[in-house]
Amino acid sequence: VYELYGRNVQMESEEKGTIFVHRNRTKEFELDQMKSDLVSTVSHELRTPLSSILGFAELLLVKDLKPARQKKYIETIHREGGRLTSLINDFLDLQRMEAGRQEYEMEEVDLSSLMLEVVDTFEPNQPEHTFVVKDRLQYGRIHADKGKIVQGVTNIIGNAVKFSPEGGEVKIELANEQNMVRVKISDEGLGIPEKELPHLFSKFHRINDEDRRKIRGTGLGLAVTKQIVEDHKGRIEVASTEGEGSSFCLFFPLAGVEFDMEELPEGSE
Ligand code: ADP
């Protein structure tokens, strides 16, 4: 969006002229959009945990409660505080990455062992889901910020768990595809309506259907993951059938491989 405005000026030589100034207002409009998205997220996602923190803290202050009940309330306060922290962290992370101010600590990372580590953090906490890892990697070393990759894949596996029923299987497949490593994370969950797919990675975008309304979230996880993957010169793809499940593929370039752009799969630039 461009704004064009003119201003009459008097030149030194007494000639009259008009200076036209092009001002790129795209950023300002994006900022406005982000502010209004933020406001609507604030009203839901900040208020809900805050009011339960305040409510339970007040009960603890004014009531003479048994220790077991006190512990329950403190656990709730702790959980809701954690939720607030991750919303704020995701939001700030995304802003930093978008502004190109994120500093990545790059090292050579073995994706096979990294993925096993991530799955190990899920397994004890999600006993109602089965995690299956199929590692067909021949070369799995990528150049990456380990913490950021963990954050990105954790978002995707977290969603696979969150949006699929108890007893569901979450499959993690690793394979080489041309000069890339492909990490495919599939679930047997709700799936994603086709019309939602183009907006899925936008900030704050959530699907507002009957099944999903009660599942909490911020709509920032996928935007954060996409940004992380792209900052690693990779890409992310999604395929889904409503009612059957979804699969997300994350592609990362192998470490130490010279790139011939012609050889890369389409859309990877
Ligand atoms: P959040 O999970 O916090 O809502 P995300 O950005 O991670 O935010 O995801 C955006 C939306 O995409 C989710 O609200 C959900 O509706 C949909 N979604 C993401 N992953 C899945 C999945 N594996 N299965 C079904 N829906 C999904």
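Observations
- Across the stretch 146-188, the qualifying residues are those that are among the small types (Gly, Ala, Ser) and within 13 Å of residue 134 (Cα to Cα), and the one among them that is nearest to the ligand (Cβ to nearest atom) is 186.
- Residue count, the stretch 94-122 (criterion: farther than 25 Å from residue 201 by Cα and surrounded by 13 or more Cβ atoms within 10 Å (Cβ to Cβ)): 4
- Criterion (of a type in the set (Gly, Ala, Ser) and either closer than 22 Å to residue 30 by Cα or in contact with a Cys (Cβ under 8 Å, 6 or more places away or on another chain) (or both)) met by exactly one of 234, 189, 219, 167: 219
- Sole exception among (1) open to solvent by 20 Å² or more (accessible area, probe 1.4 Å); (2) in a loop (DSSP other than H, G, I, E, B); (3) at pLDDT 95 or above for residue 191, by number: (1)
- Contact map, the stretch 102-118: first residue touching a residue at least 40 places away in the same chain (Cβ under 8 Å) and within 24 Å of residue 184 (Cβ to Cβ), second residue in a helix (DSSP H, G or I) and open to solvent by 10 Å² or more (accessible area, probe 1.4 Å), Cβ cut-off under 6 Å, separation 6 or more or different chains; pairs are 109/146.
- Filter pass, residue 87 being in contact with a helix residue (DSSP H, G or I) (Cβ under 8 Å, 6 or more places away or on another chain) and either open to solvent by less than 70 Å² (accessible area, probe 1.4 Å) or at pLDDT below 90 (or both): yes
- From the list 212, 216, 206, the lone residue that is under 20 Å from residue 45 (Cα atoms), in a helix (DSSP H, G or I) and within 13 Å of the ligand (Cβ to nearest atom) is 212.
- Enumeration of residues in the stretch 138-170 that are open to solvent by 30 Å² or more (accessible area, probe 1.4 Å) and free of Cβ contacts under 8 Å to residues at least 60 places away in the same chain: 138, 146, 147, 150, 154, 162, 165, 166, 167, 169
- Residue selected from the stretch 232-244 under the condition in contact with a strand residue (DSSP E or B) (Cβ under 6 Å, 6 or more places away or on another chain) and of a type in the set (Gly, Ala, Ser), by the criterion most open to solvent (accessible area, probe 1.4 Å): 239
- Scan of the stretch 51-66 for residues that are surrounded by 12 or more Cβ atoms within 10 Å (Cβ to Cβ) and either touching a helix residue (DSSP H, G or I) at 6+ places or on another chain (Cβ under 7 Å) or assigned to a loop (DSSP other than H, G, I, E, B) (or both), ordered by number: 52, 53, 56, 57, 59, 60, 65
- Residue in the stretch 39-50 that is modelled with pLDDT of 90 or more and not in a loop (DSSP other than H, G, I, E, B) present: yes
- In the stretch 213-231, the residues that are of a type outside the set (A, V, I, L, M, F, W, C) and open to solvent by 10 Å² or more (accessible area, probe 1.4 Å): 213, 214, 216, 217, 218, 219, 221, 226, 227, 230, 231
The values are calculated or read from the model by the stated rules, or taken from the named source; none is laboratory data. Model, not experiment: these values are computed from the prediction. Here the Cβ is made from the backbone with ideal geometry for all residues, glycine too, and neighbour counts use every protein chain on show. We work out accessible area using only protein heavy atoms, side chains counted, and drop any ligands, DNA or RNA first. Shrake-Rupley method; radii C 1.70, N 1.55, O 1.52, S 1.80 Å.
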